[in-house]
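This report refers to the structure that appears directly beneath it.
Every number here is computed from the coordinates shown, using simple stated rules; none is lab data. Since we're looking at a predicted model, the values are computed, not measured. Positions of Cβ are backbone-derived with ideal geometry, glycine not excepted, and every protein chain shown enters the neighbour counts.
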Amino acid sequence: MSIAFIDLVAQQQRIKPELDSRIQAVLAHGNYIMGPEVAELEAGLATFCGAKYALSCANGTDALQLALMALGIGTGDAVFCPSFTFAATAEIVPPTGATPVFVDVCEDSYNLDVKSLERAIEYARSIKLKPACVIPVDLFGLPADYDAIEAIAKREGMAVVADSAQGFGATYRGRTTGSIGVIATTSFFPAKPLGCYGDGGAIFTSDEAICNLIKSYRVHGKGSHKYDNERVGINSRLDTLQAAILLAKLAIYEDEIEARQLVAQRYEEGIGEVLITPSTPNDCRSVWAQYTVRVKAGQDRDAIMQRLEAAGVPTVVYYSRPLHQQTAYRDFPVDPNGLSISERLSKEVFSLPMHPYLDVELQEQIIDVVVQGARI
Ligand SMILES: *Cc1c(COP(=O)(O)O)cnc(C)c1O
């Protein structure tokens, strides 16, 4: 068996004519930077998620950085981040002068734990930091618990910046990610649910002032005139070619999200008894960036992964070490009760092949291998 962890070939075959004509259109007009496809994509993204404004940029990390720049986050501020996430969530904090403060996650959702957030806020205050911002992550495609997080943020006067790099298009109690948070960000890295053929990202907001600041910051801090810089910015634009590619993919994205639900459902039915499968609250729809399972007590994760590998089923561990235990981040403050769930999950989780084009037959084979491999 040769199985793709994420199959981008099947998708490309499906949209090949549209992709070709979109790319040809860019080659014909030659506006490679900020061409018409960029504006068309931004309008399409905003409509898709229900945010007032969508602004594209060079990648999902820049999207987060631009968000903190627009909010004026700086020295003395505490920015709360889950520890069980990709490094980009936290790495944009120290360059602003602010301090990342690590928060634990919930064991069932893998997402930010609000009780841990409360403790971390109190601790940040005790060391004279001002709680300024929280960055919930929609890990593996499932929205964080935004109602609870927004209530705390409101009480504390903090901004919510939703890192939806893995979760664009997911829904949370009737709201679509992208429209949640003062600012939401996403990534178009090829392997993300909505990916381009290179690097790309986007920022979402319904606040006009923030939108205007980000428009300026992403083009060197420009003012009304291109060579008159009002602030120190960065260069972070999405290539027109990537926007053209994303337009072809956005057109089928809703259909793909639905296809991902069926794949997740079949996994749940097939392996729900042998491993701990992800739980999705009834009022949420995940976009299943990853299908991440946990071993049960007594099961040996690495041995199971090896058996699957030997049978041709690729698996990956996201993430084998929480950020607060990594060299670059271990000196930053954490929830004073510790981050035991993040530490435990990093030893128990692994992710299975997941993409919208995983056909039933192939998935049945994967499920058989997993059921065999998970036997103690
Ligand atoms: C991928 C990812 C990012 C960064 O996106 P890039 O486009 O790779 O810069 C940020 N946060 C999370 C949670 C991610 O998974």
### Given charges at beta-carbon only (K, R positive; D, E negative), |dipole| of the chain in Debye
800 debye
### Message
Please state the shape class of the chain: rounded when a/c is under 1.5, otherwise prolate if a/b exceeds b/c and oblate if not, all from the C-alpha gyration tensor.
### Response
oblate
### Query
Among 69, 305, 34, what is the fewest-to-most ranking by other Cβ atoms within 10 Å?
34, 305, 69
### Task
Among 189, 102, rank each residue by its count of other Cβ atoms within 10 Å, from fewest to most, as a rough exposure measure.
189, 102
### Task
Among 289, 137, 102, flag the residue with its Cα farthest along the positive direction of the charge dipole of the chain, charges on Cβ as +1 for Lys/Arg and -1 for Asp/Glu.
102
## Note on the structure
Gyration tensor on Cα atoms of region 19-162, a ≥ b ≥ c root eigenvalues, a/c under 1.5 rounded, else prolate if a/b beats b/c, else oblate, says prolate
### Task
Set Lys and Arg Cβ to +1 and Asp and Glu Cβ to -1, take the dipole of the chain about its Cα centre, and tell me which of 3, 303, 70 lies farthest positive.
70
### Query
Kirkwood hydrodynamic radius for region 157-199: how many Å is it when counted over pairs of different Cα atoms?
10.9 Å
### Query
Across 10 Å bins from 0, what is the distribution of all Cα-Cα pair distances for region 194-245, in whole percents?
24, 43, 31, 3
## Note on the structure
For the chain, the count of lysine pairs 8 or more apart or interchain whose alpha-carbon atoms are under 28 Å apart comes to 24
### Summary
Scaled by the rule-of-thumb 2.2 N^0.38 Å, the alpha carbon Rg for region 198-334 gives a ratio of 1.53
### Query
Given the C-alpha centroids of region 104-161 and region 330-356, what is the distance between them in whole angstrom?
15 Å
#### Entry: Cα-only Debye scattering, region 169-268: base-10 log of I(q)/I(0) at q = 0.17, 0.23 Å⁻¹
-0.92, -1.27
### Task
Identify the residues of region 353-376 with backbone N under 15 Å of a label point that sits 7 angstrom from the Cα of residue 296 along the Cα-to-Cβ direction, or state none.
370-376
### Message
So for each of 232-245, 154-167, 253-266 I average, over its residues, the number of other beta carbons within 10 Å; can you give me the resulting order with the highest mean first?
### Response
154-167, 232-245, 253-266
